[in-house]
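Student: Quick one: structure below, then a few questions.
The values are calculated or read from the model by the stated rules, or taken from the named source; none is laboratory data. Since this is a predicted model, take the numbers as computed values, not measurements. Heads up: the accessible areas ignore ligands, DNA and RNA and are worked out on the full protein's heavy atoms, side chains in. Shrake-Rupley method; radii C 1.70, N 1.55, O 1.52, S 1.80 Å.
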Amino acid sequence: MVGVMKISSIKLSKQARDQLVRLKRTTGIKQWNILCRWALCMSLADPSIPPKADIPADSNVEMSWAVFGGDYRDLYLALLKERCHRDGIKITKNSLMKQLRLHLHRGIGFLFGDRRIASISDLISFAINS
């Protein structure tokens, strides 16, 4: 297991950025990191393994791990590690970064693709009823 592991920053793809722009507009959630936290949790809750993909870091949206996770960054890291363990993925810094990118981008796609989510209350209702 990785002891003290630091994810320095996360940079999103242009496609994810564009999807988040619409989500920010429709939900009223203004911060990238909050939407990204929702996206990560939605993907982690899906029992399937995200498909392998080379996701470009070609947008101007970049955030530090501390900003991404806020006060709960250790919890998000623990959830990601647990998911890797459950999926049979050896936990290394590189594998965690790869899985973080895959789960984050898949979750953004989930949020973007669900037309029932048009407000913060829709997002909360969706999470409660899932």
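Student: Compute, for Glu82, the solvent-accessible surface of its heavy atoms (probe 1.4 Å) with the complete set of protein chains present, and express it in square angstrom to the nearest 10.
Tutor: Rounded to the nearest 10, that gives 90 Å².
Student: When only the heavy atoms of the protein chains count and the probe is 1.4 Å, how do His103, His85 rank by accessible area, highest first? Can you show the working numbers first?
Tutor: Numbers: His103 0, His85 130 Å².
Ranking His103, His85 by accessible area, largest first, yields His85, His103.
Student: Something else about it: List, in the order given, every pair from Lys14/Lys52; Lys30/Lys81; Lys24/Lys81 whose Cα-Cα distance in the structure shown is over 26 Å.
Tutor: Numbers: Lys14/Lys52 18 Å; Lys30/Lys81 28 Å; Lys24/Lys81 28 Å.
Those over the limit are Lys30/Lys81; Lys24/Lys81.
Student: Just by accessible area at a 1.4 angstrom probe, what is the order of Lys24, Lys98, Lys90 from largest to smallest?
Tutor: Result, largest first: Lys90, Lys98, Lys24.
Student: Separate question: May I ask for the angle, rounded to the nearest 10°, between helix 73-86 and the longest principal axis of the chain, with both axes built from Cα atoms and the value confined to 0 to 90°?
Tutor: Helix 73-86 sits roughly 70 degrees off the main axis of the chain.
Student: Given axes a ≥ b ≥ c from the Cα gyration tensor, I'd like to know whether region 48-118 is rounded (a/c under 1.5), prolate (a/b larger than b/c) or oblate.
Tutor: It is rounded, given that a/c, with a ≥ b ≥ c, falls under 1.5.
Student: Can I ask one more? Compute the angle between helix 120-129 and the longest alpha-carbon principal axis of the chain, please, reported from 0 to 90 degrees and rounded to the nearest 10.
Tutor: With both axes taken from Cα atoms, the answer is about 60 degrees.
Student: While we're on this one: At 1.4 Å probe size, put Trp38, Trp65 in order of accessible surface, largest to smallest.
Tutor: Heavy-atom accessible area, descending, gives Trp38, Trp65.
Student: Working from Cα positions, state the angle (0 to 90°, nearest 10) between the long axis of helix 14-27 and the longest principal axis of the chain.
Tutor: That helix lies at roughly 50 degrees to the long axis.
Student: Could I ask something else about it? With a 1.4 Å probe and all protein chains left in place, how much of the accessible area of region 1-128 comes from carbon and sulfur atoms, in whole percent? Write out the running numbers ahead of the final one.
Tutor: Details: 4030 of 7100 Å².
So the carbon and sulfur contribution to the accessible surface is 57 percent.
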